[in-house]
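Below: one structure, written as structure tokens.
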Amino acid sequence: MINFILFGTFFVMLFLNIPICFCLGMSSVFAMMYAGDKLSVVASNAYSGMSKFLLLAIPFFVLSGNIMAKAGISQRLIQFADDCCGHQRGGIAIVAVVVACFFGAISGSGPATVAALGIILIPAMMDRGGFSPDFSAALMATASSIAIVIPPSIAFVVYASITGVSVGDMFMGGILPGILMGCALCVIVAIEVRKKGLKPSRAKATGAERWKSFRTAFWGFLMPVIILGGIYGGIFTPTEAAAVSVVYGLIVGVFIYREVKWKDMADILIDSCKTTGAIMLIIGTASLFTYVCSVHGISQAAQALLLQISGNKYIFLVIVNIIFLIAGCFVDANSAMYIFIPIMYPVAQQLGIDPVHFGVIATVNLAIGQVTPPVGVNLFVAIGIKIKEGVHVTIASISKAVWPMIVACIVVLMIITYIPFFSTVFLR
């Protein structure tokens, strides 16, 4: 009966379009009331879930991403990528994929990447590239989902806080999978170009033009290098790296690019607080949900069932992929991590699966979930961007256009799942 109340009320509220944090928190409270548990543990468990030192990296990464977005790094990255590959057939679409990977390494957020780049690149793909509005918006949304796989990633920080795995190792584990996802989307672009018979939209840039655009974009490229180099070189911890990224972002935005004014800081801080508050509220209520599952034996029963059903790690990984792909259709990455990782991670350990490899698999699944209907958050951000007068993209049309890209990402997911090399090659 506890299971029925916990999961039943959760899914009912979810389908009623109630925010995910309230779905997790209220279903947990209802289950505790039925079981006669003391409700005094609600606040203490929610607080303990949010008060982990490692999670302090999240507000800093969010703030640094907002600062760099305001600093105009997106336009500079787009210009450099366009000079490098914009002369190819469908080059502007390839530019969208490449820039989404780089900007994702700065922002760490899929929706933020869609919002920052989509307003420039979706119209450009239509006007210069000849792509349809639906394809352009779908590609931008899917490419932006790579942001939670390419380090530094907030999803990796959340996974590390749950499992105790090194954040630095998780960041290194996400490099090749993120690149593979980007390459898969470039293949989809090439197929679309061939099908539509599209031609190059600009002449090849000269070496001087490329050097000029590289110099202006250089400071944006340097941020992930500083973060990863500092963590992996033992110079600072992941939390300290997040704080360093804020200081670096301020130096670049205020003194180098001179796009960020001190009067802009109030709006940047407010936006960062809103994003961080939403993430932390989800983490707090998800921690309570996990507590109820653990105290009432739900987690242990699920682990035993998984071990019984999956006789070996390969079958287990198939089940994990199916569960996460379905979960990604309805809940965000952070919520899914807190719901499923405490159940699945001990099983993965017993089956001898590398913890970094398992975390990358889970994160790639949830990245795909950002563009999977009906609740693909990146899709909704993409259709919310005003492209041009008289042009509208609906959730139905973008959902149809995004399926080839989802299939390509699932192929990459299968490669990552069964070839651990791509997740562990950079580990010490």
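The values are calculated or read from the model by the stated rules, or taken from the named source; none is laboratory data. Since this is a predicted model, take the numbers as computed values, not measurements. Heads up, the Cβs are rebuilt from the backbone with ideal geometry, glycines too, and the neighbour counts pull from every protein chain shown. When the accessible area is computed, the model is the full protein with side chains, heavy atoms only, and any ligands, DNA or RNA have been set aside. Shrake-Rupley method; radii C 1.70, N 1.55, O 1.52, S 1.80 Å.
Within the range 234-261, being part of a loop (DSSP other than H, G, I, E, B) and open to solvent by less than 20 Å² (accessible area, probe 1.4 Å) holds for one residue alone: Val260.
Residues in the range 345-377 that are at pLDDT 85 or above, farther than 15 Å from Val157 by Cα and in a helix (DSSP H, G or I): Tyr345, Pro346, Val347, Ala348, Gln349, Gln350, Asn365, Ile368, Gly369.
Entry remark, the range 322-351: residues being in contact (Cβ under 8 Å) with a residue 40 or more places away in the chain and closer than 14 Å to Gly164 by Cα number 6 in total. Candidates in the range 262-288 are the residues that are touching a Cys at 6+ places or on another chain (Cβ under 6 Å) and open to solvent by less than 60 Å² (accessible area, probe 1.4 Å); of these, the one that is nearest to Met68 (Cα to Cα) is Ile282. Among the criteria (1) part of a helix (DSSP H, G or I); (2) surrounded by fewer than 16 Cβ atoms within 10 Å (Cβ to Cβ), the one Phe422 does not fulfil is (2).
Residue-level analysis places Ile326 among those that are farther than 24 Å from Met172 by Cβ and either open to solvent by 40 Å² or more (accessible area, probe 1.4 Å) or touching a helix residue (DSSP H, G or I) at 6+ places or on another chain (Cβ under 9 Å) (or both).
In the range 205-233, the residue that is farthest from the chain's Cα centre (by Cα) out of those that are in a loop (DSSP other than H, G, I, E, B) and at pLDDT below 85 is Ala205. If we scan the range 155-171, do we find a residue that is among the aliphatic types (A, V, I, L, M), assigned to a loop (DSSP other than H, G, I, E, B) and open to solvent by 10 Å² or more (accessible area, probe 1.4 Å)? Taking every residue of the range 155-171 in turn, at least one turns out to be among the aliphatic types (A, V, I, L, M), assigned to a loop (DSSP other than H, G, I, E, B) and open to solvent by 10 Å² or more (accessible area, probe 1.4 Å). In the set Ile416, Ile410, Ile343, Ile398, only one residue is within 19 Å of Met172 (Cβ to Cβ) and either β-branched (Val, Ile, Thr) or surrounded by fewer than 17 Cβ atoms within 10 Å (Cβ to Cβ) (or both); that residue is Ile416. One residue stands out in the range 304-320 among those that are among the polar types (S, T, N, Q) and modelled with pLDDT of 75 or more: the one that is most open to solvent (accessible area, probe 1.4 Å), namely Gln308.
Return yes when Glu259 is over 19 Å from Lys70 (Cα atoms) and among the acidic types (Asp, Glu) and no when it is not. Spelling it out, it is not the case that Glu259 is over 19 Å from Lys70 (Cα atoms) and among the acidic types (Asp, Glu). Residues considered: Ile406, Ile416, Ile361, Ile398. Of these, the only one that is touching a residue at least 40 places away in the same chain (Cβ under 8 Å) and more than 22 Å from Ile322 (Cα to Cα) is Ile398. Scanning the range 374-422 for residues that are closer than 26 Å to Phe330 by Cα and of a type in the set (Gly, Ala, Ser) turns up Gly376, Ala382, Gly384, Ala396, Ser397, Ser399, Ala401, Ala408.
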